[in-house]
Amino acid sequence: MRRPAKSPPTGRRPAKPRPVATRAQAARPYHHGDLRRVLIDAAMQLVGEGGPEAVSVREAARRAGVSPGAPFRHFPSRDALMNAVAEEAQRRFRAEIEAALAEAPSGDPLGRFRCLGIAYLRWAMKNPTHFEIISSRRFFDHDRSAGVSSDNAELIGLTERTLAEAFSAGQLATRDLRQVQIAGRALVYGFARMHIDGHLPRWGVGDAEVEQMAADIVDLFITGIASHAATAAKV
């Protein structure tokens with residue numbers, strides 16, 4: 001004979017069964033090594049909001065939603081995290097260059113060189129704090145960052161090849177390609193710094209004009225290094 005079920009004591013509700021966690025609920029967001037990626041993204045966000053000085057391992061951990069000690073398996077120091085941030089910023093910069101070159105005319109190396117300069121300026125002006133990191137030696141050790149050094153070397157090599165092709169095609173007025181390369185780098189770097197440091201308004205260049213002015217100075221430089229034949233072909 002079955003005994004009747006006992007009633008819960010007066011005033012106390014019967015305990016609700018605990019829900020069984022599904023696989024999706026039980027899974028932690030940062031497993032299989034992706035915490036490193038999340039920490040880098042958090043640090044990049046900090047740089048975008050407050051500049052390189054705003055980055056700390058502790059704050060990156062807080063943004064990532066993990067304990068303060070969790071990041072140190074991937075980044076034992078702030079310098080290690082900043083190296084990773086610089087490599088990510090360099091990767092994004094290179095992606096901007098490659099995207100611009102993918103749309104450039106393949107049979108016009110001087111035109112491709114122009115695209116390089118404009119893409120450089122466009123990325124630097126849209127990402128001033130990230131540009132600040134990769135263009136300065138104050139925030140990370142360039143010599144110990146293999147990723148940044150490798151990307152820099154490849155971009156320099158790309159510029160050299162593009163200018164060599166332009167010279168071979170009779171598009172350049174000078175044989176000194178090294179001089180052209182350094183002058184071009186000085187031009188885009190200098191304009192980017194003027195924009196980031198807030199100098200352009202003193203030269204009468206408002207925010208609405210910056211992108212067009214950037215393109216105009218690159219075109220002026222291209223005109224200065226182009227051969228008469230290349231200039232005539234554009235007319």
So which trypsin sites (Lys or Arg not before Pro) in the range 42-138 end up in coil per DSSP with only 10 or fewer other C-beta atoms within 10 Å? Arg137, Arg138
What's the extension gain from Ala169 to Glu96 if we count 0.36 nm per residue and subtract their Cα-Cα distance? 23.7 nm
What's the FRET efficiency of Glu160 with Arg36 using the Cβ-Cβ distance as r and R₀ = 30 Å, to the nearest 0.05? 0.35
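Compute the accessible area per residue over the range 93-199, keeping the other protein chains in place, probe 1.4 Å, unit Å². Intermediate results must be reported in sequence, preceding the final value.
Details: 5420 Å² over 107 residues.
Averaged over the residues of the range 93-199, the accessible area is 51 Å².
From the Cα gyration tensor of the range 123-235, with a ≥ b ≥ c the square roots of its eigenvalues, which class applies: rounded if a/c is under 1.5, or else prolate if a/b is larger than b/c, or else oblate?
oblate
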Any chance you could run the full-extension gain for Leu220 through Gln45? It's 0.36 nm times the residue separation minus the Cα-Cα distance, nm to one decimal. 59.5 nm
Which GluC sites (Glu not before Pro) in the range 42-108 sit in a loop by DSSP (not H, G, I, E or B) and have at most 12 other Cβ atoms within 10 Å of their own Cβ? Glu103
Full-stretch length increase - Ser77, Ser150 - with 0.36 nm per residue and alpha-carbon distance subtracted: 24.0 nm
Using the charge dipole of the range 95-191 (Lys, Arg: +1 at Cβ; Asp, Glu: -1 at Cβ; taken about the Cα centre), state which of Ala100, Gly190, Leu158 has its Cα farthest towards the positive end. Gly190
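When the solvent-accessible surface of protein heavy atoms is calculated with a 1.4 angstrom probe, in what order do Met125, Met213 fall, highest first? Present the calculation step by step, with values, prior to reporting the outcome.
Values: Met125 30, Met213 65 Å².
Sorted descending by solvent-accessible area, the residues read Met213, Met125.
The values are calculated or read from the model by the stated rules, or taken from the named source; none is laboratory data. Please read these numbers as outputs of a predicted model, since none were measured by experiment. Heads up, the Cβs are rebuilt from the backbone with ideal geometry, glycines too, and the neighbour counts pull from every protein chain shown. Ligands, DNA and RNA are excluded from the accessible area calculation, which covers all protein heavy atoms including side chains. Shrake-Rupley method; radii C 1.70, N 1.55, O 1.52, S 1.80 Å.
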